[in-house]
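Worksheet: one structure, shown below.
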Amino acid sequence: MNYLFNTLLSLSLATLVYSRNLCHPQDFGKGSIVCVCNTSYCDDLDPLQKTPSGVITLFETSRNGDRFKQTNLKFGDHHSEHPTKSQTITIDKNKKVQKIVGFGGSFTDATGYMISQLPQSLQEHVIRDYFSANGLEYNLNRLPIGGADFSLRAYSYDDNQNGDFDLKHWTLTDEDKKYKIPYMKLAKQVSPHQQKFFGSPWSAPAWMKTNNQINHGGYLKGNPGEQYYKTFAKYFIKFLDAYKAEGLPMWGITIENEPSAGNQPNYGFNSMGFTKELQRDFLKKDLGPALDAAGYQVGADKLNVLIFDDQRDVIHEWAQTIFPDKDAAKYTTGTAFHWYANRNENLGNLEKAHNVDPSKFILNTEASNGADPNKGVDLGNWNNLENDARDIITDLNHWVAGWVQWNMALNPKGGPNWANLAADAPIIVDPSKQTYYKQPSYYGLGHFTKFILPDSVRIDAQQSLTWDQLHTTVFQRPDGGLVVVVLNTSDELVEFNIRDGSQLLSHVIRPHSIQSYLYY
């Protein structure tokens, strides 16, 4: 009987072979490799396979050049190497924490424009790389309502129409029709998951603002309950209706991107201010009633409305102001925040925000590594992978239910950006060569997005070692699979042990590597 079992197990493992196109590497001397995609060749990722009980599939990406390297293991395996540190995590499947909403990126104008500069076959491949079962399986995606800094120009949906309180001149732009809607529709077509899109305004039209500019902060004129705030509520309805008419109904909205900008004239790009009190009152006096009247009922399985959408250092203060007000809280389902001010000293603010109302989820809605506008993007930058992965693990372990990256595709200069800013992206497009490059961060994100599917639940796991260079998180997928993600940002070879009940796996994680373990 044991011989038969072992034979069947070997046959099952033998079916788990590489069918994927492997990375075509290029080293630009920036820390690690990129994978090159052109009209003749591009790598991809295999769909994940459900394995027999006791079998563990390991996927590994490393600074040394591994990209989703696959290894088949089983409980009871022991390594034969000589690590300098050891970490054991003990999984308790009876202790379940928050449920995952999703992971994804942002359909910015810059992203769509750069994709559009490629041949049609490569345009489609970029979308498959992000959304298909042979890619990262993104499922939660943000888009600016109107323009943002990563646009080719500054604009809103109702410019130069002073006093248009009925928004008769409101209209989608060429940017929506060329750079957002076509790629969003293609993402829906190729994805194995339901796509959740949510919109965020960077600014109201300039004529509605106190500074009469689309940038440099400023607030809506007047007060909540008055004409300009009610017109801004209509602005959301127009957006929701327009995208619904395109076959792209919104999963959600955030009320304003980085509302702390109101008193900051150094915001050189699209921006507008709200205080936490203004946002509370806008919700209950203007936006909420307008959504109701337009048939957009707020709820987790209907339209999700997220407050805040700014930095973690004050996230709890907004939750403490808005959620206790029942008239405002009924029109919101969660809190959004960005990663740019994330520090160890404000990590506890996530739990404070969660504790105000545990029924409201928390999402990271924007994260982006910067680039030097003069030098451009570092092709092969490994540190950005570690920045992303460390932040994701930390967030997930502190009540965050999803994580959204910023631009999905940019040019080698880190743009286009009308405000002359620059950033990195997981995919860098070089139209002159009809080529795009997958940064290390592309694969790092995949260690989460491809494994921790919507409705996965975080599982409590105790660590034997507290060490700020080894980061772990554990999730149970809707299909019953267990996912363990571990990031090693150190120069050391580390023994990594997974204990699940009476089962134990002993393996290693190499320096500057990220691993995802999947088993059933």
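The values are calculated or read from the model by the stated rules, or taken from the named source; none is laboratory data. Here the structure is a predicted model, which means the values were calculated and not measured. Note: ideal-geometry Cβ built from the backbone for every residue, glycine included; neighbour counts use all protein chains shown.
Tabulated data for the structure shown
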{"quantity": "Every residue from segment 478-504 that is within 21 Å of Leu48 (Cα to Cα) and surrounded by 22 or more Cβ atoms within 10 Å (Cβ to Cβ)", "calculated": "Val483, Val484, Val485, Val486, Leu487, Ile498"}
{"quantity": "Members of segment 155-179 that are farther than 13 Å from Ala242 by Cα and in a helix (DSSP H, G or I)", "calculated": "Asp174, Glu175, Lys178, Tyr179"}
{"quantity": "Checking Lys244 against (1) crowded, with 16+ Cβ neighbours inside 10 Å; (2) not in a loop (DSSP other than H, G, I, E, B), the condition it does not meet", "calculated": "(1)"}
{"quantity": "Residue match in segment 65-84 (condition: of a type in the set (Val, Ile, Thr), under 28 Å from the mean Cα position of the chain (by Cα), under 26 Å from Ala401 (Cβ atoms) and modelled with pLDDT of 95 or more)", "calculated": "no"}
{"quantity": "Search result, residues across segment 37-51 that are out of contact with any helix residue (DSSP H, G or I) (no Cβ under 9 Å at 6 or more places or on another chain) and surrounded by fewer than 19 Cβ atoms within 10 Å (Cβ to Cβ)", "calculated": "Ser40, Tyr41, Asp46, Pro47, Gln49, Lys50"}
{"quantity": "Cβ pairs under 6 Å, 6+ apart, first in segment 253-268 and in the same structural domain as Leu283 (by TED's automatic domain parsing), second among the charged types (D, E, K, R) and surrounded by 14 or more Cβ atoms within 10 Å (Cβ to Cβ)", "calculated": "Thr254/Asp309; Asn257/Asp309; Glu258/Asp310; Pro259/Asp310; Ser260/Asp310"}
{"quantity": "Conditions (1) modelled with pLDDT under 95; (2) exposed (fewer than 13 other Cβ atoms within 10 Å of the Cβ); (3) not hydroxyl-bearing (Ser, Thr, Tyr); number of the one not met by Gly54", "calculated": "(2)"}
{"quantity": "Tabulated pairs, segment 405-420, first assigned by TED's automatic domain parsing to the domain that holds Ala110 and free of Cβ contacts under 8 Å to residues at least 60 places away in the same chain, second of a type in the set (A, V, I, L, M, F, W, C) and not in a loop (DSSP other than H, G, I, E, B), C-beta under 7 angstrom, 6+ apart or interchain", "calculated": "Pro412/Ile428; Gly414/Ala423"}
{"quantity": "Residue count for segment 134-193, restricted to those that are under 17 Å from Ile253 (Cα atoms) and not hydrophobic (A, V, I, L, M, F, W, C)", "calculated": "10"}
{"quantity": "Residue match in segment 227-234 (condition: of a type in the set (S, T, N, Q) and either under 26 Å from the mean Cα position of the chain (by Cα) or in a loop (DSSP other than H, G, I, E, B) (or both))", "calculated": "no"}
{"quantity": "Any hit, segment 112-127, residues being crowded, with 20+ Cβ neighbours inside 10 Å and more than 24 Å from Thr435 (Cβ to Cβ)", "calculated": "no"}
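Rundown of residues vs (1) among the aromatic types (Phe, Trp, Tyr); (2) modelled with pLDDT under 95, yes/no style:
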| position | (1), (2) |
| --- | --- |
| Lys185 | no, no |
| Asn211 | no, no |
| Leu220 | no, no |
| Asn223 | no, no |
| Phe232 | yes, no |
| Lys244 | no, no |
| Gln264 | no, yes |
| Thr275 | no, no |
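Residue-by-condition table, conditions (1) farther than 22 Å from Phe75 by Cβ; (2) part of a loop (DSSP other than H, G, I, E, B); (3) at pLDDT 95 or above:
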| position | (1), (2), (3) |
| --- | --- |
| His398 | yes, yes, yes |
| Pro416 | yes, yes, yes |
| Leu421 | yes, yes, yes |
| Asp468 | yes, yes, no |
| Val486 | no, no, yes |
